[in-house]
Amino acid sequence: MNKPATVDVALAREFGLTAEEYGRVLAIMGRTPTLTELGVFSVMWSEHCSYKSSRKWLRNLPTTAPWVIHGPGENAGVVDIGQGYAAIFKMESHNHPSFIEPYQGAATGVGGILRDVFTMGARPVANLNALRFGSPENPVTRRIIDGVVRGIGGYGNCVGVPTVGGEINFHPAYDGNPLVNAMTVGIARTDKIFLSAAAGVGNPVVYVGSRTGRDGIHGATMSSAEFDEDALSKRPTVQVGDPFIEKLLIEACLELMATDAIVAIQDMGAAGLTSSSVEMAGKGGVGIDLDLDAVPQREPGMTAYEMMLSESQERMLMVLRPDRTDVARRIFEKWELDFAIIGHLTETGHIVVRHNGQVEADIPLAPLADQAPIYDRPSTPPVPPAPLEPVHAPLSLDAMLIQLVASPDLCSRSWVWNQYDSTVGGQTVRRPGAADAAIVRVDETDIALAVTTDCTPRYCQADPKTGGAQAVAEAWRNITATGARPLAVTDNLNFANPEKPEIMGQFIAAIEGMAEACTVLDFPVVSGNVSLYNETRNPDGSTTAILPTPAIGGLGVLENAAQAIGLGMQDGKDVVLVGATQGALGQSIWLREILGREDGPPPQVDLAAERRNGDFVRTEILSGAITACHDLADGGILVGIAEMVMAGDVGCELDSPDSGIRPEAFWFGEDQARYLACVEDGAALCARAAAAGVPARIIARSGGRDLILPSGVTISIARLKNAHETFFPALMDAR
Amino acid sequence: MKVRVTVMLKDGVLDPQGKAIGHALHTLGFGNARDVRVGKVIELDLQDCTAEEARKTAEDMAKNLLANLVIEDYAIEVPA
Amino acid sequence: MKVRVTVMLKDGVLDPQGKAIGHALHTLGFGNARDVRVGKVIELDLQDCTAEEARKTAEDMAKNLLANLVIEDYAIEVPA
Amino acid sequence: MKAAIVVFPGTNRERDMALALKRVTGVAPRMIWHHETDLTGLDLVVLPGGFSYGDYLRCGAMAAHSPVMGAVRAFAAKGGHILGVCNGFQILTESGLLPGALLRNAALRFLSQDCYLRVENAQTPFTRRWAKGDVFRTPLAHGDGNYTADPATLERLEGEGRVAFRYASAAGQVQADDVDSNPNGSLNSIAGVLSENNRICGMMPHPEDLVDPLMGGEDGLPLFEGLVEAVVR
Ligand SMILES: Nc1ncnc2c1ncn2[C@@H]1O[C@H](COP(=O)(O)OP(=O)(O)O)[C@@H](O)[C@H]1O
Ligand SMILES: [Mg+2]
């Protein structure tokens, strides 16, 4: 690579450091840093690694509960799921790489999040994702979807971790900046969890996995910068994933973890060797000496700078007990993976990097961490949306329903999930589309996990605080609707440029809403990721920001997997609507798809009602009264009913609402805290609901092969499905 | 006019396939194989055009569709 | 000694990938593309051998591993 | 029944297969690392699904040269029972133990969905629990399951009753050019084939993933129950 020889403030700026930040570097070092040192500072102090714009606000999220074993701060969050097992999970973004090279960007996103989870000792058992694409009319969108879906499948299918759920939205705000958020859930014994804090002066530092090449140098700083036309010329930073090696790495690491050889372990993610070595030593309060000559290299002639910043995939760094290095070496040789002792822990408190007999970097670790910049960036509070003027339905109920179930945000995702292996592992109790959350049994137990990803960006755009709370509430509801008890969340906060006060205002408000919801619902945040600067610079100099998108990954547990229920309509049941209906049409899908408008306030989130209604529904599921359940979200009651009908292949006849609400508002309003439930005896359920202070009413009777509207108009299941299934194949496989 | 477009990963870009094949060749006793790289080859027939036009068209095809220039290079052959 | 092994589906074996690319080329305006076929190319370096030995070794590699003769043909090039 | 599952680097459905085998035998099957070559005392060897060697080059091509495959060949020559599922089927064709080959799915995409199989020959250790013409549901998950063989081979397979399973509609209709019932485009809708002695069976779908009501059904169970009966001594 072609790099200028002199390290100065100009070069620092090119590396993403401000003049003020470079001043701090000089003060810490007491001299001009070497190129490698500057590289280390620039990646460690990048937004991606240091969370400098977000850290102050992330502290407002609740992170504890009696079942939380490790909250944020470790590679992934850890919660106790009973019988001596823990679930370990996290979500992470690969937005910028997925725009530049959709296949590899998405694939390496999956690879990266898997490593965060198995590095803690967990066998990965489920992958999910949260995807946002630009307008379907934009020709680029199709290419990006194709690559992202192939990439997620290509990696997840090969490593043999089932992809069991996710979500997809379309909006022109993502035209130049799609979002690819990947989540992994793993299982470990609670007494076999591995952490990253290094310990034991003299202990060997061991590198395992793939060799280091010149991949993705400065990926971490790139993901902290806005996009412009130059982004495409940054292409050589694209990393190629090797899921085959990842699979071997998972097996080798788990085999080694069954011994007592490991003192500390961390994957090499963004900023590769730099962040892993700095963080491990920093957390352990020790120093670390690295000898780069020992690093397995894929290409000749790599410099220290390149090796320290390389983001080559499928690599891990470990500190081992010295008397166990041979055991470890044998395991990695069996799996035909590189294994190299590349350094040792010291008592200096410095990271010292040697290459070709020369000291290329010598940085005190404490100030590198402690003096990392934290910003309290200026913010302006979001403007509350104006109330929605009265609106009227231009079409008949059945025509609107058909249009909605066929729309990009509500249509079937089967074209997508049919490319993901959702059954490998033999533990998938509910596959995508079968329940509001996917259900995966824990091997050798009756326990099952319920997992989901959720966010409604258009609500967040209109009112970030309500949107933040809604995302958490929806994840909680999705888990509840299967019968599982929600335990904790991971999040992926995708926002635009935090240096703009209105974006910072969105960020702060969304966190406030999330924090309230997590608190009331006992649903703490145990891990997460922040992705900022998600905006595109247009040729005319203006910028397009993404919608604020705080994606939530939720996890819940069922003591007995057999108690999990799905959302498919069952024959001969009463269908009960649980929760109050006001007919909130602001920011609804109906408003957007039928009237072409995106305005008004999002539906209110009443957290006390969420809790009350959800706890009631869960109790009734576990008692066996409710036998199928679907939470209400996008599209409201009628879309929810249609989804149950299609999933169960059983029709139903709807009652007249006689609610005093206009029909379109009743049927398509998106009021929160609501569920549809199939029960044998609807009246009895409603009576129990009344006693619990939960609004409930019978809304339909199931049976037959049609959805029959109160007007008597009949819609066949075949017609619904035909509308529902068309969008993706028509967009993607157009010949 | 027959045209052949060969698409290979750029130098420096990890080639997981090539690596795995190299490894397999070694175990099969081909110990002297080095630097195994795998690519795609697309052969086609271009109607009604000269060799020069064919080369030019193939170039356009490679840039537009056949190669992913983010990670791949291409080469064009028009057999005489 | 550089060697290049090209592996193509046999004539008569349906090549959906070639068909799909042919179709995409037509949509992109390359209406004169015909008979698109897609194959693999494996490039490698054979140490310490003559061109003739290299060809012979590559032949062995192709038969043993690189091509599946049930569905594929191979061709070997040893650039001078 | 003493069963073993071969594990290659990149194999990933060995756990699923172990669950299914344990379900019918009551004991966990032996796991065999691809370097091992001792198969003595075994009644059944299973090559499970996955991405051996990343499915690089061609699915199953590199695994077919693993040391264990020499032993598997000898086991076959002695009349041993072998089941290859998905990647295992691909390995069996690559190593010449079963005829034909698996091409990319016709739609050029990985497919993960349920399919229906029609039993074409019920006189085998793998199919004896069914009757000819029975239809059962099973998941499939593969990118290269499009079965092909040259005309002579095909004629022999069909003539000798060596097509074990065909993709079909839920009602048992077989129609090779219908993507709904024959999703990967296989020749003659072939989903599974047999060796001459009917002791080796290769199939693309995953009956081992449907042996438990909790996971959605037990439609795949008869295959494993039949094997236990057939090889019990
Ligand atoms: N990208 C994806 N990958 C896998 N499954 C997906 C994806 N997007 C959506 N799904 C699945 O499709 C179903 C419907 O998703 P969604 O409409 O977001 O449900 P809900 O609104 O009930 O949360 C769920 O089972 C979900 O897991
Ligand atoms: Mg959801």
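The values are calculated or read from the model by the stated rules, or taken from the named source; none is laboratory data. What you are looking at is a predicted structure, and each value in this text was computed from that prediction instead of being measured. Cβ placement follows ideal geometry from the backbone for every residue including glycine, while neighbour counts extend to all protein chains displayed.
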- Item | Single match in D:222, D:213 (criterion: under 24 Å from residue D:112 (Cα atoms), under 15 Å from the mean Cα position of the chain (by Cα) and not polar (S, T, N, Q)) | D:222
- Just one of D:144, D:177 is in a loop (DSSP other than H, G, I, E, B) and in contact with a Cys (Cβ under 6 Å, 6 or more places away or on another chain); which is it? D:144
- Task: Go through the stretch A:420-474 and count every residue that is hydroxyl-bearing (Ser, Thr, Tyr), away from ligand 2 (no atom under 14 Å from the Cβ) and either free of Cβ contacts under 8 Å to residues at least 40 places away in the same chain or crowded, with 24+ Cβ neighbours inside 10 Å (or both).
- Result: 5
- Single condition residue A:158 does not satisfy, out of (1) over 18 Å from the mean Cα position of the chain (by Cα); (2) of a type outside the set (A, V, I, L, M); (3) under 24 Å from residue A:252 (Cα atoms); (4) not in a helix (DSSP H, G or I): (4)
- Query: Do you know which residues across the stretch A:478-529 are within 16 Å of ligand 1 (Cβ to nearest atom) and either of a type in the set (S, T, N, Q) or free of Cβ contacts under 8 Å to residues at least 40 places away in the same chain (or both)?
  - Reply: A:478, A:480, A:482, A:490, A:492, A:494
- Task: Please enumerate the residues belonging to the stretch B:34-57 that are surrounded by 16 or more Cβ atoms within 10 Å (Cβ to Cβ) and either touching an Asp or Glu at 6+ places or on another chain (Cβ under 9 Å) or among the charged types (D, E, K, R) (or both).
- Result: B:36, B:37, B:38, B:39, B:40, B:43, B:44, B:46, B:55
- Could you please give the count of residues in the stretch B:1-26 that are within 7 Å of another protein chain (Cβ to nearest Cβ) and without any contact (Cβ under 8 Å) to a residue 12 or more places away in the chain? 6
- Item | Count - residues of the stretch B:36-48 that are in contact (Cβ under 8 Å) with a residue 12 or more places away in the chain and either acidic (Asp, Glu) or more than 7 Å from chain C (Cβ to nearest Cβ) (or both) | 2
- Message: I want to confirm something. Restricting to the stretch D:61-70 and keeping residues that are in a helix (DSSP H, G or I) and out of contact with any strand residue (DSSP E or B) (no Cβ under 9 Å at 6 or more places or on another chain), which single residue is farthest from the other protein chains (Cβ to nearest Cβ)?
- Response: D:70
- Query: Are any of the residues in the stretch A:432-446 within 12 Å of ligand 1 (Cβ to nearest atom), within 14 Å of chain D (Cβ to nearest Cβ) and within 30 Å of residue A:711 (Cβ to Cβ)?
  - Reply: yes
- Message: Restricting to the stretch A:673-703, name every residue that is touching a helix residue (DSSP H, G or I) at 6+ places or on another chain (Cβ under 6 Å) and more than 13 Å from residue A:580 (Cβ to Cβ).
- Response: A:676, A:679, A:692, A:698
- Residue check, residue A:132 of a type in the set (D, E, K, R), buried (at least 24 other Cβ atoms within 10 Å of the Cβ) and within 16 Å of ligand 2 (Cβ to nearest atom): yes
- Please give the number of the condition residue A:628 fails out of (1) of a type in the set (A, V, I, L, M); (2) outside any strand (DSSP E or B); (3) modelled with pLDDT of 95 or more. (2)
- Message: Within the stretch A:538-563, take every residue that is within 16 Å of ligand 2 (Cβ to nearest atom) and touching a Leu at 6+ places or on another chain (Cβ under 9 Å) and give me the one that is nearest to residue A:170 (Cα to Cα).
- Response: A:549
- Query: Could we say that residue A:424 is within 14 Å of chain D (Cβ to nearest Cβ) and more than 9 Å from ligand 1 (Cβ to nearest atom) here?
  - Reply: yes
- Could you tell me which residue of the stretch A:138-166 is farthest from residue D:87 (Cα to Cα), considering only residues that are within 14 Å of ligand 1 (Cβ to nearest atom) and among the charged types (D, E, K, R)? A:146
- Members of the stretch A:640-686 that are part of a loop (DSSP other than H, G, I, E, B), at pLDDT 95 or above, among the aliphatic types (A, V, I, L, M) and farther than 17 Å from residue A:482 by Cα: A:650
- Find the residue count for the stretch B:1-38, including only residues that are of a type in the set (Val, Ile, Thr) and more than 19 Å from residue C:39 (Cβ to Cβ). 2
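Conditions (1) over 12 Å from the mean Cα position of the chain (by Cα); (2) within 25 Å of residue A:426 (Cβ to Cβ); (3) in a helix (DSSP H, G or I), marked per residue:
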| position | (1), (2), (3) |
| --- | --- |
| D:54 | yes, yes, yes |
| D:59 | yes, yes, no |
| D:75 | yes, no, yes |
| D:82 | no, yes, no |
| D:89 | no, yes, yes |
- Hey, does the stretch A:233-242 have a residue that's within 14 Å of another protein chain (Cβ to nearest Cβ), modelled with pLDDT under 95, over 20 Å from residue A:312 (Cβ atoms) and surrounded by fewer than 23 Cβ atoms within 10 Å (Cβ to Cβ)? yes
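Okay, residues lined up against (1) over 31 Å from the mean Cα position of the chain (by Cα); (2) away from chain B (no Cβ under 14 Å); (3) at positive phi; (4) acidic (Asp, Glu):
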residue	(1), (2), (3), (4)
A:268	no, yes, no, no
A:275	no, yes, no, no
A:284	no, yes, no, no
A:296	yes, no, no, no
A:302	yes, no, no, no
A:309	no, yes, no, no
A:328	yes, yes, no, no
A:331	yes, yes, no, no
A:336	yes, no, yes, yes
- Message: Exactly one condition in (1) more than 7 Å from every other protein chain (Cβ to nearest Cβ); (2) surrounded by 18 or more Cβ atoms within 10 Å (Cβ to Cβ); (3) part of a loop (DSSP other than H, G, I, E, B) is false for residue C:30; which is it?
- Response: (1)
- Note on the structure: Only one of (1) within 24 Å of residue A:215 (Cβ to Cβ); (2) of a type outside the set (A, V, I, L, M); (3) not in a helix (DSSP H, G or I) does not apply to residue A:31, and that is (1)
- Message: Can you tell me which condition residue A:135 does not meet? The list is (1) within 16 Å of ligand 1 (Cβ to nearest atom); (2) closer than 20 Å to residue A:549 by Cα; (3) of a type in the set (Gly, Ala, Ser), and all the others hold.
- Response: (1)
- Query: Going by the conditions given, is residue C:80 surrounded by fewer than 18 Cβ atoms within 10 Å (Cβ to Cβ), assigned to a strand (DSSP E or B) and more than 7 Å from every other protein chain (Cβ to nearest Cβ)?
  - Reply: no
- Item | Looking only at the stretch A:629-645, and only at residues there that are away from ligand 2 (no atom under 16 Å from the Cβ) and touching a helix residue (DSSP H, G or I) at 6+ places or on another chain (Cβ under 7 Å), the one that is nearest to the other protein chains (Cβ to nearest Cβ) | A:645
